[in-house]
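Written below as C-alpha cells is the structure these notes are about.
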Amino acid sequence: MKIDENLANVSEIMERRRGLQRNDSFSTTTSSKADAFVRQQYEDLAKLASISDSTLTLGSKNSAKLSNKESVHVGDVIYVNYIIPNDSTNCTNCIFNNTNNSQKLDRDNVSDTAISIFDTESNRLIKHIRNRKFMWICITCIVIALFIIIGTVITFVKLRQQYTVVDRCVNCTKNEESTTESISTNQGTNTYDTTLPQLLFGDLVIAREMWNADPPKSNNISLLSWPIKRIIIGHTSGESCFNKLDCSKIIKSIQTKDPNLDDIPYNFLIGGDGMIYEGRGFNYEGQHSMNLDGTDYNSIGICIAFIGVYQADAPNASQLNLIELFLKTFIDLEIIDKDYIIVSQDDLVDNPVPATELNKAVKKLKNYRELYKIYRRNQWSAQRYRGTPTKFNGVVESILIGHTETTECTDLESCAIKVRAMQSDAFSRSYDDTSYNFFVGADGLVFEGRGWDNVGAHTREFNPKSIGIAAIGDFSTIKPNNKLTNSILRILEDAQALGKLSSDYKIYGRSDLGYWGPGDAFMDVIKEWCRYGNRTMTC
C-alpha cells in the first residue's frame, strides 16, 4: 500500500480535527541529535507504510517537511498516524485512516519493533515539537520584553548623562547636524545643549536657534554648579511681546545691544505668549544680577526674566504656573535642587525700574524667600572703587563685628551721610574703598560697602578670610538695640542661603582677635549668639 494514497486525506482530516491546515515547513530542531531523531521518524514511517522509497523529504538541518503535492506538515502526519487511530472507535488497529474509514493498514502487517518505535517515539516527537514551540514562544516574548526594558533604561541613562555636569561636552567641536553651539570657557570648550528644555517641554520651549541667537562672544564663561539651588526672577524692564516673532526679535535685541554682554544675560525668558525662551540655559552663568563694585549674584543660580515691564502690571496666572511646572520637571532630573529657593532680582541688585507687581506675584510661589533689605552702593551714592577689588578665594567662614565709634544714625538719610563720610575718610588714608563689607544703623538699615565678594580692609591679616560688619555708633558701654542686632543676623542667614557664606560660619568680635571693637557692651551680646565662634556651651 502506498503512503501517497493515505497522505491525500491528511489535510481534510486535519481540517476536521483541528480546524486548520498547516502547509509550511516547521522548524523542529536546533541540534544534530534532535535532527537525527526526526530523520529516524521519517524512516520508521516509511517502514510502517511498507514502501521502498519515501515521499518524505528532509530540508535543512533545522527543518523538515513532506514533499507530496499537499506539502502536509510532518507533525500532522504523526498526528494522523497516531492520535486518530487511538481515539477512533471504527478502526482500532489502523495506523492510517481516512474520513470514510475505507483504507487501513493493519498493525499485524508490520513488525513489533516498528510499531513500538511508532507508538513511543512518535508520541515523544509530538510532545517534543509542542514543548519546543511553546518554549520558543515564551523565549520570544521574554526577549521582546527584555529589549523594551533595556531600550528604556538606555534611553533614560543617556538622557541623564546628557544633562549631568560630568557629561558636559569638554574639548568638543560643533556638530553641524546637532542643535548645539560651540563655546570656549575657562573650564574648557563646552556646548550649549539646546535640546534639554525642549525635549521635556516640547513646543512650550523656544530653543536658542529658534530665536536666531548669535554665538557667545566671550571665551571666559563659567559653568553653573548643579543641582541649581537658587532661582532669581526679574523682568527685562523693556518692550513686551505676545507672539513668537515679536518675542524673538526682542530677545535678539537684548543679546546684541550691549557690547559688554557676553551673550543674552538671562538663563531663560518668559514671553507674554506663555512660552519659555532659552537663554544661557542651565549650564552657564548669566550677567543679570551684579552690583556696581559690590556683590555679584550671577553665579548663585539661574535667572528667569519676564519679557517686558512689570512695575504696574503683574504676570498672568498661566505664566506663573509655567514657572512652577518648569522647576518641578528639572527637580525630578536633579538639575534643580529639591530644596531650591526663589528670590526676587530686586532684592539682590538696584534696578532702575523695579518689578513691583511681579515681585508681589513671585512672593506667592513655592519656596520663595524674601531677603532682608540691603541698600546697594548706588542707593547711598557711593563713589567708585579705586582700582580692581580683590575677590575672596572660596566661601567665607568667619564674620568679624566692629563699630564706627561715631554717633548713631536712625534714618536712611542720616545713615547714608555717615557711610559716605566713612568712605571719603578711607580714600584720604589711601584705601581703595571703605574698610568694611557692610554697615548697619541703629534703625536696622543695612548698607553695602565692599559687599559679600570683595576683601575688606578692616582687620589686617584677617581680611582675606572674613566679612567685616560695622555697627554705626559707639557700643563700648551701651548695648545696640534689637533692630541693629536682628538685622545683622538676618543678612547673615540670607548670605548663607545664597551661598555667600559657609553653612557653619562663625561670628567673632574684633576684640577676640586683639583689635578694638565692637565695644564691650556689644561683645556681651555677641557672646550669646549661637554662631559665636568662642562659645563654650551648646545653643
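The values are calculated or read from the model by the stated rules, or taken from the named source; none is laboratory data. Quick caveat: nothing in here was measured; it's all calculated off a predicted structure. Please note: Cβ atoms are built from the backbone with ideal geometry, for glycine as well, and neighbour counts cover all protein chains shown. Surface accessibility is based on the protein's heavy atoms, side chains included, excluding ligands, DNA and RNA. Shrake-Rupley method; radii C 1.70, N 1.55, O 1.52, S 1.80 Å.
Summary of computed values
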item: Positions within segment 394-423 being in a helix (DSSP H, G or I) and open to solvent by 20 Å² or more (accessible area, probe 1.4 Å), in sequence order; result: Leu412, Glu413, Ser414, Ile417, Lys418, Arg420, Ala421, Met422
item: Residue match in segment 436-444 (condition: surrounded by fewer than 15 Cβ atoms within 10 Å (Cβ to Cβ) and either touching a strand residue (DSSP E or B) at 6+ places or on another chain (Cβ under 9 Å) or over 20 Å from Arg510 (Cβ atoms) (or both)); result: no
item: Matching residues in segment 498-520 - criterion: being closer than 30 Å to Gln345 by Cα and either out of contact with any helix residue (DSSP H, G or I) (no Cβ under 6 Å at 6 or more places or on another chain) or open to solvent by 20 Å² or more (accessible area, probe 1.4 Å) (or both); result: Gly499, Lys500, Ser502, Ser503, Asp504, Tyr505, Lys506, Ile507
item: Cross-chain or 6+ apart pairs with Cβ under 6 Å, segment 275-291 first and under 20 Å from Pro389 (Cβ atoms), then part of a strand (DSSP E or B); result: His288/Cys303; Ser289/Ile232; Met290/Asp296
item: Test: Lys391 is under 30 Å from the mean Cα position of the chain (by Cα) and surrounded by fewer than 14 Cβ atoms within 10 Å (Cβ to Cβ); result: no
item: Strands (runs of 3 or more DSSP E) contained in segment 171-236 and holding at least 2 residues at pLDDT 90 or above and surrounded by 13 or more Cβ atoms within 10 Å (Cβ to Cβ); result: 228-235
item: Test: residue in segment 512-534 that is in a helix (DSSP H, G or I), in contact with a Leu (Cβ under 9 Å, 6 or more places away or on another chain) and within 30 Å of Leu224 (Cβ to Cβ); result: no
item: Residue selected from segment 240-263 under the condition under 21 Å from Leu322 (Cα atoms) and outside any helix (DSSP H, G or I), by the criterion least open to solvent (accessible area, probe 1.4 Å); result: Cys241
item: Residue check, Ile488 assigned to a strand (DSSP E or B) and not charged (D, E, K, R); result: no
item: Test: residue in segment 471-479 that is of a type outside the set (S, T, N, Q) and either part of a helix (DSSP H, G or I) or over 24 Å from Ala442 (Cβ atoms) (or both); result: no
item: Pairs, first more than 25 Å from Phe392 (Cα to Cα) in segment 468-488, second loosely packed, with under 15 Cβ neighbours inside 10 Å and among the charged types (D, E, K, R), C-beta under 6 Å, six or more apart; result: Ser476/Asp520
item: Subset tally (residues that are surrounded by 16 or more Cβ atoms within 10 Å (Cβ to Cβ), touching a helix residue (DSSP H, G or I) at 6+ places or on another chain (Cβ under 7 Å) and farther than 24 Å from Ala416 by Cβ) for segment 457-497; result: 2
item: Pair list, Cβ under 7 Å, 6 or more apart: segment 326-351 residue more than 16 Å from Cys303 (Cα to Cα), other residue open to solvent by less than 30 Å² (accessible area, probe 1.4 Å) and assigned to a loop (DSSP other than H, G, I, E, B); result: Leu333/Tyr163
item: Filter result (more than 30 Å from Ser218 (Cα to Cα), open to solvent by 60 Å² or more (accessible area, probe 1.4 Å) and more than 21 Å from the chain's Cα centre (by Cα)) within segment 283-326; result: Gln311, Ala312, Asp313, Asn316, Ala317, Ser318
item: Pair list, Cβ under 7 Å, 6 or more apart: segment 443-460 residue over 20 Å from Val395 (Cβ atoms), other residue part of a loop (DSSP other than H, G, I, E, B) and of a type in the set (Asp, Glu); result: Asp443/Asp411
item: Residue within segment 525-536 that is touching a residue at least 24 places away in the same chain (Cβ under 8 Å), within 23 Å of Asp347 (Cβ to Cβ) and out of contact with any helix residue (DSSP H, G or I) (no Cβ under 6 Å at 6 or more places or on another chain) present; result: yes
item: Unmet criterion (only one of (1) modelled with pLDDT of 95 or more; (2) under 18 Å from Lys500 (Cα atoms); (3) hydrophobic (A, V, I, L, M, F, W, C)) for Val395; result: (1)
